[in-house]
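The values are calculated or read from the model by the stated rules, or taken from the named source; none is laboratory data. Because the structure is a prediction, the values reported are computed rather than measured. As a convention, Cβ positions derive from the backbone with ideal geometry for all residues, glycine included, and neighbour counts pool all protein chains shown. These accessible areas exclude ligands, DNA and RNA; they are computed on the full protein's heavy atoms, side chains included. Shrake-Rupley method; radii C 1.70, N 1.55, O 1.52, S 1.80 Å.
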Amino acid sequence: MVVTYDKAKHLNIYNISAPGRTRRGLMLPSSAGVGPVAIHLDHIDTAGTYRIVLAFSVKTFPVGHQINLQQFIVKSTSSGMASDDFVPGSLVSFPSVFSDVECLKISPPHVVVAHKDHSVRVYTHDEDGVRLSGVLHGHTSTVTCVDISENGKVVSGGLDRSIRVWEPSDHHFLPHESSPSWKVTTLRDVGWDMNLDSRAGFVWAALDDEKVLSVFQTSDDGRDNVMKVWDFCDDWFPGKEKSCDSLSAGCSNSRTIEVRA
């Protein structure tokens, strides 16, 4: 199963194991004014049942954006997808925020949203509803990418040429309006040329329990990119700035890969 979202504001679902790779298309609800979109896909059972969770931002008037969640259950077999095998769930709306949305990422039950004011907000959505788990401040320019791991670490990267790894100090998601309960580690590579193009910076980041992956765009046209893998080391601990090649000042196991268009 492959799920995509296109410029026509359609959610496209492909059953690539079926003859002809059947596709179902769905126009997003409230699609007029839809901003960034994030998709999460779960394989629920061995019978071919999938859960799609869609997070998307909708512009609110007169200013601001609202994050909406929509869940879909899809049944797929080797013969394709029938019309009654696509079951949409209820729409969940988050509180409106006055700052526009730059990007977002969903990893149920968490949604991470980067805003135009350079802040990052972390939300938790469960049976108790939606709650704000943290507002993370620190980036000094546009935040272009965010991700969250299963254990609650958040990574964000942007045009200030830094990667920031955020971790709840109490390892729980609590409803705070600010970020004193979060520790942040700032990653900067001392090898970057500070005379690079003004749009140079981190454009993609992801993490799991062992490492952070990042892509640094060195030119405005996106033709020259560098992928760096930052490893979590045994002596790593959150809360410091690292101007080095890994998450621990005493650890050198990071890998750099040049990616060219």
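Odds and ends about this structure:
- Neighbour net charge for PRO108 - beta-carbon separation under 15 angstrom, K R +1, D E -1: -3
- Taking the accessible area of the stretch 108-150, probe 1.4 Å, and keeping the other protein chains in place, the carbon and sulfur fraction comes to 43%.
- Site pair ASN12 and ASP42 shows an inter-label distance of 2.6 nm when each label is modelled 7 Å from Cα along Cα→Cβ.
- Stretching VAL34 away from LEU91 to a fully extended chain increases their span by 19.1 nm, per 0.36 nm per residue minus the current alpha-carbon distance.
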